[in-house]
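Enquirer: Would you mind keeping the following structure in view while I ask a few things?
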Amino acid sequence: MPATRSLVIASPERDSGKSTVALGVIDLLVRQGHRVGVFRAVSSSKNHGTDSDGKDGVLEMLLDHASSDISYDEAIGVTYDVMHADADEALSQIVARFHAIANKCDVLVVLGTDYTDVSAATELAFNAKIAANLGGPVLLVTSAFNMSDDDAKAAAVMALQELRSNHAQPIGVVFNRHSGDAPFDVEALRPEPDLPVWVLPEEPFLNAPTVAQLVDAVKGVKMLGDDELFAREATEVVVGSMGLDHMLEHVKDGSMVITAGDRTEILLGLLAAQGAPSFPTMSGIILTGGYKPAGSVSTLVKDMNPRVPLITSDLDTYTAARAASNARGHILINSTRKIDVAGSLFDKYVNSEDLLGRLDVPAPEVVTPLMFEYQLIERARGDRKRVVLPEGSDDRILRAASTVLARGIADLVILGDEVAIRRRAAELGLDISAAAVISQHDPEYVEKYATEYTRLREKKGMTLERAREVVTGVSYFGTMMVHMGDADGMVSGAAHTTAHTIRPSFEIIKTAPGISSVSSVFLMCLEDRVQVYGDCAVIPDPSAEQLADVAISSAATAEQFGVEPLIAMLSYSTGDSGSGADVDKVRQGAALVHERRPDLKVEGPIQFDAASDATVADLKLPGSEVAGKATVFVFPDLNTGNNTYKAVQRTAGAIAVGPVLQGLNKPVNDLSRGALVQDIVNTVAITAIQAQG
């Protein structure tokens, strides 16, 4: 690839929301497979995105989404103090530090200044000089918040003139935080005939501070509450100075209520209301004036065991309310929902092909893990399917559901008590409103599924009465949903064993035509390619027939996820060099694959090095279509497969996506009980793609 390309994302004012645009651009480039770095030309500890460690929280978040190994310290040019002392020297240092890290990436996204304490005209000119000296174009991000289209356009025209007068080259304008309704009149905003324009709507949630940030703003101290909820965004501030009956009318989901600490009747009333299913879930309560509940009131509050955060502050109510109202949230590294919302906005309103064309970044030939993950999500989006998640009481499932829905990956059904699930999601600040929530005890579904399950298992002595009990188990209920067409696939296992998750599928969904064994694969995302490993999770000691099933199913899975299937059936011997029961089993399995699917390219028995290394392959199996370039690896037993995938995962830094179950008539996938939220999101995407066929 030619010299590193740079893109400066700059704004003519503060609070333009350029971090949303920067995040979208970085994700777009990473998904294309590029090594993407981030560089903050000027940073300040007074930045509103500063985290508790005094670091630039926005920069940390963007670095977390980048795909290069640039460290936090390397990603900063100069501080504002250096810029104030000598602007020319600051510019020289910025250019030097930029070039010091440029060789670590293909594209370096440079974040412009934040207008901390310098006049707009002076600072925009400095941003332009940065771009000119780095040799990169500028993507201008300007706020259209509470502005007419004419005023927003006029501001953009002036900013473009300032950029060009300082020799910077703009490649487009993003009007962010537009207060009008979509679709927007892009032509009314376009400042120049040939300059691309994109318009993003105002999304108040992206500016909402978290409960923890409000605690800092009011110099507060935690009194009670669920620690998980301090990361929730507070979407508005309500001052509790009126009577309780009137004040309750002003409380909405996400409200932070601020009231004097000695107004115990308001505190008790709010906590009582918080327990009512029909009442909104507050983000927290701040008690001001340094007053705390005492005596019997304190005992009563503790006995109520509130999950909603209770915070005390020595500030008076007016001062605390002003401080809280002025607090502005940024998209930080742990702002999962904000990242989802920002990404969704960018994907929806910015034409990625047009922007990539303007950047003129050649497409890489490799497939990186992040690129593969993006391809999964894009394919799932292309033909949205309905996936059931049986474990609705698990917070990880709710967080993953929020991401899946925000990114449009799939439609979801969540099993459990609807009131409890939606309330917990609201407490966590998650949006699962688009999901259907169904109880596994719903009598209409139970009767429907029990009747069908009885029919399926009547030869095993199943009765309708017993079936009514069986199908209320979450795994059986979810599997019946898939079987009956009420869902296209199921993802479970975050809180249950593998057997609990997949046993119902053996009984109900059964194997696909021509396949007698259910098996699994891991999609192993290496630095520059994706390989398929099977079976690593289901069959302990497969027979020759089962190995053939695993190979054929794994080839189909590989093709489904864009990997050309070149199958290596592994053993400790290659070709005819060894013998013994274990080798003969693999040899027989390979022969069965040739017999059943002569169209597949398969080699076996073969050792791992001969399958994966072209030099070794030339020595041991010259002329083989598979040796040295295998993409699908079939292991002789579960012990070998499970240990190998983990060894590659840990030592080669590969991302293991799975296990992906295969061989079933309809998709059911199992999660590890230690699954992370992103693991669940990926598995939902995989299940949706499997359902597409």
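The values are calculated or read from the model by the stated rules, or taken from the named source; none is laboratory data. Being a predicted model, the structure only gives us computed values, none of them experimental. We place every Cβ from the backbone using ideal geometry, glycine too, and count neighbours over all the protein chains shown. Calculation scope for accessible area: heavy atoms of the full protein, side chains included, ligands and nucleic acids excluded. Shrake-Rupley method; radii C 1.70, N 1.55, O 1.52, S 1.80 Å.
Enquirer: Given the C-alpha centroids of the range 174-198 and the range 67-138, what is the distance between them in whole angstrom?
Expert: Measuring centre to centre over Cα atoms gives 27 Å.
Enquirer: For the range 577-693, which whole percent of the accessible surface, found with a 1.4 angstrom probe, sits on carbon and sulfur atoms?
Expert: Carbon and sulfur together cover 50 percent of it.
Enquirer: Which whole-number value in Å³ per residue fits the convex hull of the alpha carbons of the range 267-359?
Expert: Dividing the Cα hull volume of the range 267-359 by its residue count gives 160 Å³.
Enquirer: Report the full-extension gain for the segment ASP417 to ALA96: residue separation times 0.36 nm, less the Cα-Cα distance, to one decimal in nm.
Expert: Length gained between ASP417 and ALA96: 109.7 nm.
Enquirer: Oh, and also: Just to confirm the number: angle between the C-alpha axis of helix 581-596 and the first principal axis of the chain, 0 to 90 degrees, nearest 10?
Expert: It is inclined by approximately 80 degrees.
Enquirer: Looking at the range 291-392, which GluC sites (Glu not before Pro) are in a loop (DSSP not H, G, I, E or B) and have at most 14 other Cβ atoms within 10 Å?
Expert: The qualifying sites are GLU365.
Enquirer: I would also like to ask the following. How far, in degrees from 0 to 90, does helix 498-508 lean away from the longest principal axis of the Cα atoms of the chain, to the nearest 10?
Expert: Computed tilt is about 60 degrees.
Enquirer: So between GLN692 and ASP314, what do we pick up on full extension, going 0.36 nm a residue minus the alpha carbon distance?
Expert: 130.3 nm is the gain from fully extending GLN692 to ASP314.
Enquirer: Something else now. Per residue of the range 215-231, what does 6.51 cos²θ - 1.76 cosθ + 1.60 with θ = phi - 60° give for ³J(HN,Hα)? Whole Hz please, x for Gly and Pro, Karplus curve as stated.
Expert: Working through the residues one at a time gives 4, 5, 4, 9, 6, x, 9, 5, 9, 8, x, 6, 4, 4, 8, 6, 8 Hz.
Enquirer: How much of the accessible area of the range 211-277, in percent, comes from carbon and sulfur atoms when a 1.4 Å probe is used?
Expert: 55
Enquirer: Another question, if that's okay. Sketch the reach of a paramagnetic label on HIS250 as a point 7 Å from Cα along Cα-to-Cβ, and name the residues of the range 211-242 whose backbone nitrogen lies under 17 Å away.
Expert: 235-242
Enquirer: Quick one: if the Förster radius is 30 Å, what FRET efficiency do ASP354 and LEU676 give, using the C-beta to C-beta distance and rounding to 0.05?
Expert: Working from the Cβ atoms, E equals 0.30.
Enquirer: Modelled label-to-label distance, SER433 and GLU545, 7 Å Cα→beta-carbon offset: nm?
Expert: 5.5
Enquirer: Hey, what did the range 182-250 get for relative contact order, percent, Cα under 8 Å, at least 6 apart?
Expert: 27
Enquirer: Next question, about the same structure. Radius of gyration and Dmax for the range 610-693's Cα atoms, expressed in Å?
Expert: Spelled out, the Cα radius of gyration and Dmax of the range 610-693 are 16.0, 45 Å.
Enquirer: Next question. Grab the alpha carbons of the range 412-562, take their convex hull, and tell me the volume per residue in Å³.
Expert: 163
Enquirer: Let me ask another. Go ahead and run the numbers for FRET between ASN639 and GLU559, Cβ-Cβ distance against an R0 of 22 Å, rounding to 0.05.
Expert: Plugging the Cβ-Cβ distance into 1/(1 + (r/R0)^6) gives 0.20.
Enquirer: Kirkwood Rh, the range 299-340, all Cα pairs: how many Å?
Expert: That comes to 13.5 Å for the range 299-340.
Enquirer: Quick query: amide H of THR210 versus all other amide H atoms, modeled in the peptide plane; which residues come in under 5 Å with a sequence gap of 5 or more or a different chain?
Expert: Under 5 Å from the amide H of THR210: ALA234.
Enquirer: If you don't mind, another one. Would you please classify the overall shape of the chain from the alpha carbon gyration tensor, given that a ≥ b ≥ c denote the square roots of the eigenvalues, rounded means a/c under 1.5, and beyond that prolate means a/b larger than b/c while oblate covers the rest?
Expert: Cα axes put the chain in the oblate bin.
Enquirer: Amide H neighbours of VAL238 under 5 Å, at least 5 residues apart or on other chains, H built in the peptide plane: list them.
Expert: Correct list: MET256, VAL257, ILE258.
Enquirer: Another question, if that's okay. Note the angle between two axes, namely the Cα long axis of helix 336-349 and the longest principal axis of the Cα atoms of the chain, as a number of degrees from 0 to 90, rounded to the nearest 10.
Expert: 90
Enquirer: If I model a spin label at LYS302 and LYS460 as a point 7 Å from the Cα along the Cα→Cβ vector, what separation in nanometres do I get?
Expert: 5.2
Enquirer: Now for a different question. Report the extension gain between ASP618 and ALA273 in nm, rounded to one decimal, defined as 0.36 nm multiplied by the number of residues separating them, less their alpha carbon distance.
Expert: 116.8 nm
Enquirer: With a 1.4 Å probe and every protein chain kept in, tell me what percent of the accessible surface of the range 361-424 is carbon plus sulfur.
Expert: 51
Enquirer: Rounded, prolate or oblate for the range 484-612? Axes are the square roots of the Cα gyration tensor eigenvalues, ordered a ≥ b ≥ c, and the cut-off for rounded is a/c under 1.5.
Expert: prolate
Enquirer: Quick check for you: with a 1.4 Å probe and neighbouring chains kept, what is the accessible area per residue of the chain, in Å²?
Expert: Per residue, the chain has an accessible area of 41 Å².
Enquirer: Now, a different point. Rounded to the nearest 5, what % of DSSP beta bridges with both residues in the chain are antiparallel?
Expert: Close to 20 percent.
Enquirer: Next question. Name the chymotrypsin sites (Phe, Trp or Tyr not before Pro) in the range 577-685 that are in a loop by DSSP and that have at most 14 other C-beta atoms within 10 Å, would you?
Expert: none
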